1. Round to the nearest 0.05 the FRET efficiency obtained for A:M621 and C:S110 when R0 = 22 Å and r is the Cβ-Cβ distance.
2. Let me check I have the definition right: for the stretch A:278-330, take the eigenvalues of the Cα gyration tensor, multiply each by 5, take square roots. What are those semi-axes in whole Å, largest first?
3. Determine the alpha carbon to alpha carbon distance for each of A:K218/A:K378; A:K147/A:K206; A:K25/A:K351; A:K317/A:K351 and list only those over 30 Å.
4. Would you grab the residues whose amide H sits under 5 Å from the one on A:F423? Only those 5+ places off in sequence or on another chain, please, with H modelled 1.01 Å from N.
5. Please report the orientation-averaged projected area of the stretch A:128-259, defined via the convex hull of its C-alpha atoms, in nm².
6. For the stretch C:2-115, what is the per residue volume of the convex hull drawn over the alpha-carbon atoms, in cubic angstrom?
7. Local charge sum around A:A203 (other residues, Cβ-Cβ under 13 Å, Lys/Arg +1, Asp/Glu -1)?
8. Over all distinct Cα pairs, what is the inverse of the mean 1/r for the stretch A:188-254, reported as the Kirkwood hydrodynamic radius in Å?
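Each value in this text was obtained by applying a stated rule to the coordinates, not by laboratory testing. Worth saying up front: this structure is predicted, and the values here are computed from it rather than measured. Cβ coordinates were reconstructed from backbone atoms using ideal geometry, including for glycine residues, and neighbour counts include every protein chain displayed.
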Amino acid sequence: MSELILILIILFLPLLSGLVGFISKYSSIISIVGVSFSFLFSLVLAFDRKVIRFEWLWVEGVVFSIHIDRISSVLIVLVNLISLLVLIYSSRYMEEDNGDKRYFAFLGFFIFSMLGLLMTNHLLLLFVFWELVGLASYLLIGFWYQKESVPASARTSFMINRIADTSLLAGIILLFRDGFDLTIGSEPILWTILPSILIAVGAFGKSAQLPFSGWLLKAMAGPTPVSALIHAATMVAAGVYLLVRVSPFLPQEVLNFIAIIGCLTSCYAAICAIVRHDIKKVLAFSTISQLGYMVLGIGVGAADASLFHLITHAFFKAGLFLGAASVINFMCNAHKNDSRDMRYMGGLTSKLPWTCRSFILCSLALAGLPLFSGFLSKDSILLGAWLFATKTGSWAYIISDLAIFTTLLTAFYVARMVLLVFFGTPRTNLTNYKYRESKRLYFPLVILGVFSLFIFFNLNPLGHSSYLIEYMGFPIQHLEGSIIPFLSILMVISGFVLAFSWFKPGAKYTTTYLKNSQPKSGLGIFALEGFQLGELYRRVGIAIYKLSLAAAYLDRQVIDPMLHFVSIGSVVGSKVLALIERFMVNGPVNLSASILAFLGKRFAGLSARDGQTQIIWLLVMVILILGWFIFF
Amino acid sequence: MNEWMSTYYLYLAALLFSSGVFVVITKKNLIFILIGVELMLNAGNVLLAFFSRFDSSLNGQIFAIFSVVLTVCEVSIALAILLNIYKKQRVSNLEELQEVGNE
Amino acid sequence: MIGIIHIFISVLILLGVSIIVLSNNIVHAAYALALTLVGVAGMYVLMNAELLAVVQILIYAGGVVILLAFGVMLTNRLRGEKVVTDSGNKWIGAIISIVIFLGFAYLIQSTDFGAGEIRTPSDQIQQIGIAFLTKHLLAFELIAFILLVALVGAAYLAKMSSDE
């Protein structure tokens, strides 16, 4: 029982603190306090090592439950920790903003939804929280709704998400109809193909895989700490989490499909990240790419590797986003126009020392350098992909090779970003600008940067697993395949070298980088526009719109006249019936009524006025009655 | 003779009764109606007396005596009321009495 | 002999009844009633109901008829006119009374009375007297009481009418 209370506290405390903060003045402090308590309790839960389960009967045949096993408890700790750090950061970042109460309330709501998602094991309840998380994301993306393009971006991202959610719901409904058990963690029976694909596509939407990756770019219109929490560490990981939970049930063809999509997505996103100038968009593409890795990991059957990468990615990506927020904040004060554009940045190490240090740590982890957590997790995915390729056969080698190639790209754009932002001569005039980093801003950054190191996950800096994974219940595998770490290290170093040659401080490219507005080559142009994915969306949307117009036209011209005909016909028919009734039904009724009235008038006169007539009638009646009795 | 006898009295009673009915229905004067009632009661007494012939305890006769006494009571009171009405209304005709009563 | 007396008394009764029925004169009707009642008393004698016959003459013919006559006198202004009344509903009345008579006749005809033995005791009056005081004591007393009440009531009513 006490565990139930604990779980409910963990679940509802963020929401309550957000709501209370909404109506009071110290919204940030209340939220921080609430979430820190939630974090502590979730630590208690995680160290408990038990599987906790509370069930209740919702309708006949459907049993919802709170089911917390080790995977969930670790992820709950992760969500709470990252939320806490983001909240601390936001308390300083959003200080001057007028709507900060709203912000913290929405954040509390988001944390609640995310925790709820992690706590349930029934697909329907998970879908409820899935939608809630999407709603929270929409609310937070559109936070600065007074700005011009922000509401449209929020709407677009929400809509794209919704399309994927429809697919998820369709999958769930099909599963239910086919009679499969909707609880995760039950006996692993393979599902049929169609619902599996639908559910996988639903997860793709949340995790911004192809073709749903556009929404994550649009989501960068919101505040950067929001991006750090939601779009890097937690919500986008929900799709991966769902796939991890569901992967024992998926048939092999669907797993292959997932692997292909994940691989393609990561490659595509890495290519797009290379040519972008907006630091947030680079990070967004990077997130998509890393999510592609995670999805790939699931597809090749290394779900433990995906989870591991999810956890490490949460730390270093959140660190990167928060660092970017600091940079943008600084640039906002220094260069009013476009504070996100990397073309105007450079040489910020002296101005933002702590930010720079944690940013570098996190980005090295992202690139996958050994001695960092990112290497451990990415390597385990690559290893899993390679093993899958050796097991499956020819075409799977493409997946594995592309994954390794993407490592190169990742390292390239990471180095590009770091070099452009922090190193070299500043491309805007910063000399007169004094800036002091506030503790609240860099304290979370430091923590996140530190967690990007390898130590917390595995004592072996070149290993490929972690005791965390072991704790979560996956068996340790001693895998052969020592070529993979070697290859990945090679890729990373070559990526760095390439980037360094182009972007090193003082290089010709960097000094003229300011003038680089558009990439010259065709591929570059293509990549800049995100492979024209937006255009594809637009065309598809227009086609659907035209289809709906045609359907409306059909409805107006054909169906409506039919309905009119039917309704008029029924009105006419009813009038005819009324006429008939008036003559044929009312007539006899009236006739009988008038007969009765006539008889009544006749008999009314029977009550005589004088006694003798009454006696007469009395005697007549008596005679009649007696006669009846005598003669019959 | 005996046979004829036994029904003769019954016919007599029937005659008395039906003429009493006729008088009550037809005549308009209250005292006349009283006379008719008398006739009917007498018819009943005749019947009672006839059937007490065959009864050794003479219950019919006794009953008839009681009936006579009650008739006397009834007639006296009816006449007293009638006198009352007459004193008030100055009419004893039934129709006029009714009209007076209806006003 | 009995037959002739029967016929005689029947004629009396018939005469009286017809005068009552057919006449519109109240005084005639009252006297005819007296005649009828006397005839009925004679019938009682013929039926071996002696006490009843005497009671009939004493009370009916001697009391009620006088009462009726007085009533007639007191409710009409007699200035030598005939006391005549109207009669209406004659046909309906005739039909009804004839129907009643015929009904009775039918009943009488269709009933088989059987051969009845005449069982009147020889000491009727003693028997009746004893019966009054033993079997019908309550009724006897009540009758006396009713008579008293009727007497008082009639006197009161008559008194009311006399002082305005």
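1. My answer for the efficiency is 0.45.
2. 26, 11, 4
3. Distance filter (> 30 Å) returns A:K25/A:K351.
4. A:G347, A:L348
5. With every direction weighted equally, the projected area is 7.6 nm².
6. Once divided by residue count, the hull of the stretch C:2-115 is 126 Å³.
7. +1
8. So the Kirkwood estimate lands at 12.8 Å.
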